[in-house]
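Trainee: Following this message is one structure expressed as C-alpha cells.
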Amino acid sequence: MTSPSRADILRDGLWRRNAGVVQLLGLCPLLAVSTSAVTGLGLGLATLFVLTCTNLLVSLLRPVLVGSLRIPVFVLVIASLVTVVELVLAAWLPALDQRLGLFVALIVTNCTILARAEAFASRQPPGAALLDGLATGTGFAAVLLILGAARELVGRGTLFAGLDLLFGPAAAGAGLTLPVDGLLLAVLPPGAFIGLGLMVAAWRWLNLRPHANVAQAGAATPTGESHR
Amino acid sequence: MTPSPTSELRRGLAVLCGVAIAAAGLVALTWQAAAPRIEANVQARAEAGLAAVLGNRVFDNALAATGHSPQSAAARAAGIERVWLARREGEPVAVVLQVATAEGYSGRIVLLLGLTPAGEVLGVETLSHRETPGLGDFIEADRSDWLSQFHGRGLGHPSAERWRVRRDGGDFDAVTGATVTARAVTGALQRALVYFEGHAPTLLAYRDPDPTHGTADPLTVP
Ligand SMILES: Cc1cc2nc3c(=O)[nH]c(=O)nc-3n(C[C@H](O)[C@H](O)[C@H](O)COP(=O)(O)O)c2cc1C
C-alpha cells in the first residue's frame, strides 16, 4: 500500500473527509458541547490531542500488533489517553472541566478516533499517522468551534464569553457582548442539529459548485476510501 | 509464512499485556502529579462557594470543616442537605445551609444560603442545576442578579406566607416565561428559613465532633 501524500492527508482530514460535517462522526459530544465557542474549542482541543497521540502510538505499535487483538489495544490506548486528559483538565483547568463535565470522558466513544486508528494509523508510518491525527483533529475542532461560536452568538448574543476558562485570568473579559438578547432556540438541543445541518449544507454547496473540481472527487467518496 | 494461530495469539496477548501495563503506568503517573491539585481545586471550590454566600462577614474558624448533615425528618422535609457554621472568636457569626429542591423545570436545584444568626439572608448561590440554558439559568449568580433580591430579607421580612413569587401572592419577582424555576428557588429558600428558625439554637451550638479538626480554631474550644 502506498502512503497518500502529505497534501492529501491534510486536505482529507481538514476538509474533504471532515469528521464533523462529512463523516458525521462524534456527533454526541459535538452537539452537546457546542453551546459556546469556549466549550466547543475546549472539547475540540482535547479531542485533537487524544486523536493525534492515539494515531502516533498506534502507528508506532504497528510492527507488533496482531490482527485479532488489535482493537483491544486501540481501545486501551484511547481510554488511557482520555483519562490523562481528564485528570489534567481537572487539575489545571478546573473551571473548564466543570463546564465540559462528562463530555471529556465521552471522547472515548468518539468513533473518529477508533476509525482513524483502524483505517489509517495501523497501516501507515508514524509521520503520516501523526499528520493525519493533527489534520482530522483540527478539522473536528474547527467544526466544534464554528458551531459553538454560531450558537453562542445567535443564542446569547455573546462571543467567546468565558475565554478565561481556557486561557487563564489574563483572558478575562476578552469576549464580545452584543446588546441583544439572543434567540433561545440556538442554545437548546434543536439549535445544535439545525446549526450542524446548516454547516453540512454549506459544505456541500461549496463543494458541488461546478468550479470546485478538486473537491468534487472528495464529495463523491466522502469516506476517502479512494486511497485504499 | 504465517505463524501458527496459537503462537500468534500468544504474541498478541503479550503485546496487549505490555500496552496495558504501560497505559496503567501513564495514568498512575498523571494521577500522582494531578491528585494534589484536583483535591485542592475541590476544596477551593467548596470554600469559595461558602465564602460567596457570607457577604463580607468575617470569620476565623475552618468553615469547610464544620460541614455536617442533619439527619432529622424536618431537615429532610425542608431539603436541607448540609450545614456549616462560621464563628469569630468562638461566637457564631453566620450559618450556611445547602438546600435542594426537585421542583425546578428539570432535575434538582441545589442552593447555598448564607444566614446571620438572626436568620437574615447574607447571600444565595446556586451550586448546581439543570434548568434550561438561556431560560432557567438566571439562578446562576454570574448570569443574573436575580438571586440578590433575597439579600437582607428573612422570615418576617416578608412573612413566611409571602416568601413566594408575586404570581402566587408573594413578594418576589419571577422571570417571565420561567416562573417554574423562580418558584422552585423561592420555595426552597422559604423552607430553609423556616427550618433555620425552628432549629437555630441547635445549629448555632454545633461543635465539630472531631477535636483534631477543632484545633485549627483554638478559640472555639470552651
Ligand atoms: C423547551 C422548554 C424549556 C423550558 N425550560 C424552562 C426552565 O428552565 N425554567 C422554567 O421556569 N420554565 C421553563 N419552561 C417553561 C415552563 O414550561 C413554563 O411554561 C414557565 O415556567 C411558566 O412561566 P410563565 O408563567 O412566566 O410563562 C420551558 C419550556 C420549554 C418548552
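The values are calculated or read from the model by the stated rules, or taken from the named source; none is laboratory data. The shown structure was predicted, so the numbers you read here are calculated from the model rather than taken from an experiment. No Cβ is skipped: glycine too gets one built from the backbone with ideal geometry, and neighbour counts run over all protein chains shown. Protein only, heavy atoms only, side chains kept; ligands, DNA and RNA dropped before computing areas. Shrake-Rupley method; radii C 1.70, N 1.55, O 1.52, S 1.80 Å.
Trainee: Can you bin segment A:6-216 into rounded, prolate or oblate? Criterion: square roots of the alpha carbon gyration tensor eigenvalues sorted a ≥ b ≥ c, rounded for a/c under 1.5, prolate for a/b above b/c, oblate for the rest. Don't jump to the answer; show the numbers that get you there.
Mentor: Values: a/c = 2.22, a/b = 1.33, b/c = 1.67.
The shape class here is oblate.
Trainee: Could I ask something else about it? To the nearest Å, what is the center-to-center distance of segment B:10-47 and segment A:133-197, using C-alpha atoms only?
Mentor: 31
Trainee: Sticking with this one: For n ≥ 4 DSSP H runs only, could you compute -39500 (n - 2.57) per run for the protein assembly as shown, divide by its residues and tell me the 222 nm figure to the nearest 500? Spell out each step's value before the answer.
Mentor: Details: 14 runs with 224 residues, N = 450.
For the protein assembly as shown, the value works out to -16500 deg cm²/dmol.
Trainee: While we're looking at this one, here's another question. Roughly what would the spin-label model give for B:A102 and B:Q43, points 7 Å off Cα along C-beta, in nm?
Mentor: Once both label points are built, they end up 3.5 nm from each other.
Trainee: Now a separate question. With a probe of 1.4 Å, find how much accessible area the protein assembly as shown has per residue, and write the answer as a whole number in Å².
Mentor: Numbers: 21560 Å² over 450 residues.
Using a 1.4 Å probe on heavy atoms only, each residue of the protein assembly as shown averages 48 Å².
Trainee: Still on this structure: Using +1 at the Cβ of each Lys and Arg and -1 at the Cβ of each Asp and Glu in the protein assembly as shown, identify which of B:L16, A:L196, A:V66 lies farthest towards the dipole's positive end.
Mentor: Value computed over the given set: A:V66.
Trainee: Compare the Cα positions of A:A79, A:Q23, A:A141 along the charge dipole of the protein assembly as shown (+1 at Cβ of Lys, Arg; -1 at Cβ of Asp, Glu; about the Cα centre) and return the one farthest towards the positive end.
Mentor: Checking the options against the dipole of the protein assembly as shown, the answer is A:Q23.
Trainee: Another question, then. Mind giving me the FRET efficiency for A:A171 and B:R10? R0 is 41 Å, r the Cβ-Cβ distance, nearest 0.05 is fine. Don't skip to the end; give the middle numbers.
Mentor: Numbers: r = 53 Å, r/R0 = 1.30.
Plugging the Cβ-Cβ distance into 1/(1 + (r/R0)^6) gives 0.15.
Trainee: Nearest 100 Å² is fine: how much accessible area is buried between B and A, summed over both sides, with a 1.4 Å probe? Each step should come with its number before you reach the end.
Mentor: On the way: alone 12680 and 11070 Å², together 21560 Å².
In total, chains B and A hide about 2200 Å² from solvent.
Trainee: Can you list, bin by bin at 20 Å, the percent of alpha carbon pairs in the protein assembly as shown, starting at 0?
Mentor: 21, 43, 27, 9, 0
Trainee: Let me ask something else about it. How well do other chains shield peptide B:33-39, expressed as the mean number of their Cβ atoms within 10 Å of each residue Cβ?
Mentor: On the way: counts 4, 8, 3, 1, 6, 9, 2.
Other-chain Cβ atoms within 10 Å of each residue's Cβ, averaged: 5.
Trainee: Can you pull the semi-axes for segment A:47-121, root of five times each eigenvalue of the Cα gyration tensor, sorted largest first, whole Å?
Mentor: Details: eigenvalues 132, 23, 18 Å².
Semi-axis lengths for segment A:47-121 are 26, 11, 10 Å.
Trainee: Determine the principal axes of the Cα atoms in chain B, then give the extent along each, sorted from largest to smallest and rounded to whole angstroms.
Mentor: Here the Cα extents, ordered largest to smallest, are 89, 52, 32 Å.
Trainee: Where does each of A:15-24, A:190-199 land if you order them by average Cβ count within 10 Å, highest first? Intermediate results must be reported in sequence, preceding the final value.
Mentor: Working: A:15-24: 22.3, A:190-199: 16.6.
The packing order, highest mean first, is A:15-24, A:190-199.
Trainee: With the crude spin-label approximation of a point 7 Å out along Cα→Cβ, what separation in nm comes out for A:L198 versus B:S148?
Mentor: Those two pseudo-labels are separated by 3.4 nm.
Trainee: Can you work out the FRET efficiency for the pair A:R209 and B:R166, with r the C-beta to C-beta distance and R0 = 56 Å, to the nearest 0.05?
Mentor: Details: r = 57 Å, r/R0 = 1.01.
FRET efficiency, A:R209 to B:R166: 0.50.
Trainee: From the C-alpha coordinates alone, can you work out the Kirkwood hydrodynamic radius of segment B:121-204, in Å?
Mentor: Values: mean 1/r = 0.0749 Å⁻¹.
That comes to 13.4 Å for segment B:121-204.
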